[in-house]
Amino acid sequence: MGVPVFEDVDPAEDCGCAGCAEWRRAVPHPVRTKVGARHALVLAAAAGTVVGGLQTTPAAAAEHHEARPLTPPPVDAGGTTPQGGSGPLHGSPGQAAGSVSLVQSAALRKTSRAAILDRARTWVEAKVPYNMNKYWKDGYRQDCSGFVSMAWGLPGNEWTGSLSQYGTRITKSQLQPGDMLLFHNPANPEKGSHVTIFGGWTDASRTRYIAYEQTKPGARVQATPYAYWSHSSKYLAYRYRAVTDGSSGSSASSTKFPGAKYFGPGKNNAYVTRLGKMLVERGGKRFYRVGPGPKWSEADRKATRAFQRAQGWRGKAADGIPGPTTWSYLSTGQGRSIPSAGSGGGERAPSPSGFPGKAKFRPGAENSDVTRLGKQLVKKGFGKFYRQGPGPRWSEADRRNVEAFQRAQGWRGKAADGYPGPETWRRLFS
């Protein structure tokens with residue numbers, strides 16, 4: 001994707017309009033080309049940044065009683081795209097984006113897939129508001145391309161017309177957590193252009209995925225139809241050039257669970273190595289004196305158990321042998337990482353404790369777990385049905401908010417009845 005030609009046009013030095021002023025601040029003087037007579041094009045360029053947005057906030061409600069996760073984000077009344085209106089193309093004053101033609105993999109900051117998703121989650125958890133003209137405390141612009149620049153750890157704020165230079169084109173089948181899905185419309189960057197971070201498939205058919213994105217009203221993560229709600233066929237997949245794990249797209253690094261037969265005493269294969277590397281990325285390094293390697297060891301079992309217990313799992317769910325859920329959490333960057341040895345719990349992670357039981361969440365129930373559930377729903381962006389509260393007495397608002405969260409996971413029928421079970425609880429607090 002080429003950078004639009006208007007990026008090389010220099011504003012008139014005596015023009016005081018906001019667009020020209022922003023351009024002069026963002027682009028170092030020596031690299032500007034003197035074409036002052038065409039400063040109107042510069043204003044158009046400076047006003048043409050591309051924008052965007054599991055804060056698992058489901059989009060506009062399709063029915064009066066629930067918010068459906070597979071409804072596209074609302075379009076502004078003014079007719080702009082869900083990614084917003086206009087704004088500067090590059091970063092904050094004094095921090096212009098680098099020359100994309102000179103981007104080299106060797107010069108990029110290396111990072112892992114887990115680290116990319118961890119950074120993305122910091123904005124989701126902080127509920128960073130969408131704004132094309134403001135910058136979060138970490139220095140990145142609060143729009144979709146600023147979000148990806150932050151998640152990938154880029155040296156400056158890029159935009160949808162330059163992000164591809166930091167990645168390598170891949171196919172849909174090669175997508176792994178931490179890759180990006182990008183649509184750049186060079187003819188009109190404001191119309192539809194957007195970018196998301198791929199967080200993993202939600203189903204075996206690969207028709208939906210977990211998208212981390214920055215869009216109005218703010219950073220979120222939610223199940224999204226592939227490749228996006230609109231302009232789906234125009235999105236392209238890219239892998240960050242300096243990602244340190246799973247770059248080959250081999251079966252050993254797939255998000256699909258290979259099967260229990262590959263793990264346990266006596267096993268020796270590439271999946272054991274992959275498991276160990278994922279565990280190290282999630283805080284399990286202290287369990288390995290050597291490795292990880294292909295031969296199953298007690299270190300693998302202890303590290304796996306530590307990760308499972310970090311999710312609040314107990315009993316057979318935390319036996320140290322990975323299953324589909326453990327593998328999914330590790331390969332897509334979900335859940336809590338393994339706490340440090342000095343955190344006071346050894347293998348026990350600070351967690352919201354196990355599921356307190358279905359009896360706590362029924363009509364007439366009144367207890368502190370209902371309050372805790374409600375607060376977590378609000379924190380995750382599923383509190384729209386509360387007129388007041390949340391509080392300790394179970395209400396229809398609690399049930400409807402739980403139902404919205406369950407439907408955001410792709411569940412239907414009895415699995416989305418609005419009453420929390422162990423898996424709802426686990427995902428809500430992960």
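The values are calculated or read from the model by the stated rules, or taken from the named source; none is laboratory data. Please read these numbers as outputs of a predicted model, since none were measured by experiment. So basically every Cβ, Gly included, is an ideal-geometry build from the backbone, and we count neighbours across all protein chains shown. For the accessible areas, the whole protein counts, side chains as well, though only heavy atoms, and no ligand, DNA or RNA atoms are used. Shrake-Rupley method; radii C 1.70, N 1.55, O 1.52, S 1.80 Å.
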Of the residues in the range 158-187, those that are more than 21 Å from ALA114 (Cα to Cα), part of a loop (DSSP other than H, G, I, E, B) and at pLDDT 90 or above come to GLU158, TRP159, THR160, GLY161, SER162, HIS184
Enumeration of residues in the range 395-416 that are over 24 Å from the mean Cα position of the chain (by Cα) and either modelled with pLDDT under 90 or basic (Lys, Arg) (or both):
ARG399, ARG400, GLY413, LYS414, ALA415
With buried (at least 24 other Cβ atoms within 10 Å of the Cβ) and either within 18 Å of the chain's Cα centre (by Cα) or of a type in the set (S, T, N, Q) (or both) as the only criterion, which of SER149, SER173 stands out?
SER149
How about the range 213-240: which of its residues are buried (at least 24 other Cβ atoms within 10 Å of the Cβ) and among the charged types (D, E, K, R)?
GLU213, ARG220
Taking the range 304-315 on its own, how many of its residues are closer than 13 Å to TRP327 by Cα and part of a helix (DSSP H, G or I)?
4
Counting only residues that are over 22 Å from THR325 (Cβ atoms) and in a loop (DSSP other than H, G, I, E, B), which one in the range 275-296 is modelled with the lowest pLDDT?
GLY291
Taking the residues in the range 249-269 that are at pLDDT below 80 and assigned to a loop (DSSP other than H, G, I, E, B) as candidates, determine which candidate is nearest to the chain's Cα centre (by Cα).
THR255
Having 2 or more residues that are in contact with a Leu (Cβ under 6 Å, 6 or more places away or on another chain) is the bar; report the strands (runs of 3 or more DSSP E) wholly within the range 198-248 that clear it.
218-225, 236-240
The listed residue being over 30 Å from ARG274 (Cα atoms), modelled with pLDDT of 90 or more and open to solvent by 30 Å² or more (accessible area, probe 1.4 Å), out of LYS379, LYS358, LYS375:
LYS375
Being modelled with pLDDT of 85 or more and over 22 Å from GLY259 (Cβ atoms) is the filter; apply it to the range 309-326 and report the residue that is surrounded by the most Cβ atoms within 10 Å (Cβ to Cβ).
ALA310
Within the range 327-347, track down each residue that is modelled with pLDDT of 75 or more, over 13 Å from ARG286 (Cβ atoms) and not polar (S, T, N, Q).
TRP327, TYR329, LEU330, ARG336
Quick test for you: out of ARG393, ARG400, pick the one residue that is open to solvent by 60 Å² or more (accessible area, probe 1.4 Å) and not polar (S, T, N, Q).
ARG393
